[in-house]
Each structure stands twice: as structure tokens, then as C-alpha cells.
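The structure appears right after this line, and notes come after that.
The values are calculated or read from the model by the stated rules, or taken from the named source; none is laboratory data. The shown structure was predicted, so the numbers you read here are calculated from the model rather than taken from an experiment. Note that we place each Cβ from the backbone using ideal geometry, even for glycine, and neighbour counts take in every protein chain shown. Note: areas computed on protein heavy atoms with side chains; ligands, DNA, RNA excluded. Shrake-Rupley method; radii C 1.70, N 1.55, O 1.52, S 1.80 Å.
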Amino acid sequence: MKVYFSLFYIRVLNGLQYRTVVIGAILTRFVWGMMEILAFNALYRTDGTAFVMTFSETVSYIWMQQALYVLFQVVYSDREIVASINDGSVAYELVRPIKLYNNWFAQCMANRISPTLLNCMPVLIIAALVQPKYRIHFPPSVNLVLFLISAILALALVVALALIMHISMFYTTSPRGIRIIVTAVTTFFFREE
């Protein structure tokens, strides 16, 4: 277990190095979140009774979605894994004294957590400082704990689905086809917007 934690830690530190990309991602998440909120604002003004959530709950949901955007993507840039499968260097990983699945699991999880760590807090801070109508409202502590537990379980599920996609690349000549299929299926079934 210590080996996998070390691999995870190294991957997270590697992902935290690109600060310029982080600034662009934070601006993108903020602008995209504001566009969605303004669109919902227009819809709520026309007929607010047609929605299950209140406008304040919708705003908070959108901000959390923007803060945790990368965390729950099945098809994400796990370039090292795809490259090792394509060029055959995965054979070297198979003879190492660690389990390939656990190694890839730690790597995929770190590839999603490191950008989330960089993007999450700034987006939430900005969301807490905007106009009161468009501000994020955090739930009570019990609900927040339940949300964190469900987010951790969802992350494990997303990483497991990504690993199934990577394992299926052993049997194909190109990763492009399986990525298109997985993107279509996950967009159809798991799209939260």
C-alpha cells in the first residue's frame, strides 16, 4: 500500500506544477459557471415553479459542478497509460513487483485530484464573493459530510470505469474508438446538466 500511496503522491505533485494552465482553468470554470447561472436565472424568471430546486440551490449546484468538473470525468487525459499501451512499454509495467491495476488506479486518481485541488478552492472562493443572488450557499455540516463521502465513492467509480476503458485498449489497435464510445455512453447516462 505504501508503494501505491507514493505513486499517487508523486503524480499529484507532478500535476501541481502547471500554474499557468490552472489560471486559465479557473477563469474558464468561473465564466462557464456564470453563463449557466445567468441562463438559469432567465429560465427561473419566466416560470420558477417548473423546477424542483430553488434558484439558490441551482446556483450552489452549478458552482460545485464547476469546482469538481475534472474529478468526475471518465475520459480524461491519462496520456501515460494510453502511450504505454500503444508503444508496448506496458510489458515493463507488468513485470514490476506491483499490481498493474493498483498502479493505474493510483495514477488515474492522482490525474484527477491534482487539477481539482488547484481549481476547487479558487472557484469556490470566487463563488462565495460574487453578488448574493449568484453566491454559493453551503449546506449544513451533516449534508456536507454526506456529500464528501458520496464524492469519494463517485471518484472511485469514475476511476474504475476509466480503467475498464484502458484495459479494453489492450484488444484494440487505437484508443480513439473506445474513447469515442465511452464518451458517448457516459455523456448519455451520466450527464448532470
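Of the trypsin sites (Lys or Arg not before Pro) found in the range 112-193, those that fall in a DSSP loop while having at most 11 other beta-carbon atoms within 10 Å are 191.
With contributions of -39500 (n - 2.57) from each DSSP H run of at least four residues, the per-residue ellipticity at 222 nm computed over the chain stands at -25500 deg cm²/dmol.
The share of alpha-carbon pairs in the range 108-179 lying farther apart than 15 Å comes to 71%. The equivalent ellipsoid that matches the C-alpha gyration tensor of the range 42-140 spans semi-axes of 41, 14, 11 angstrom, in descending order. Per residue, the accessible area of the range 43-164 comes to 55 Å² when a 1.4 Å probe rolls over the protein heavy atoms. All distinct Cα pairs of the range 1-98 go into the 1/r average, and the inverse of that average, the Kirkwood radius, is 17.2 Å. Placing unit charges on each Cβ (+1 for Lys and Arg, -1 for Asp and Glu) gives the chain a dipole about its Cα centre, and among 77, 181, 142 the Cα reaching farthest toward its positive end belongs to 77. On the principal axes of its alpha-carbon atoms, the chain has extents of 60, 34, 32 Å, going from largest to smallest.
Protein heavy-atom surface of the range 78-193, 1.4 angstrom probe: 71% of the accessible area is carbon and sulfur, with nucleic acids and ligands not counted. Placing +1 on the Cβ of every Lys and Arg and -1 on the Cβ of every Asp and Glu, with nothing else charged, gives the chain a dipole about its Cα centre of roughly 320 debye.
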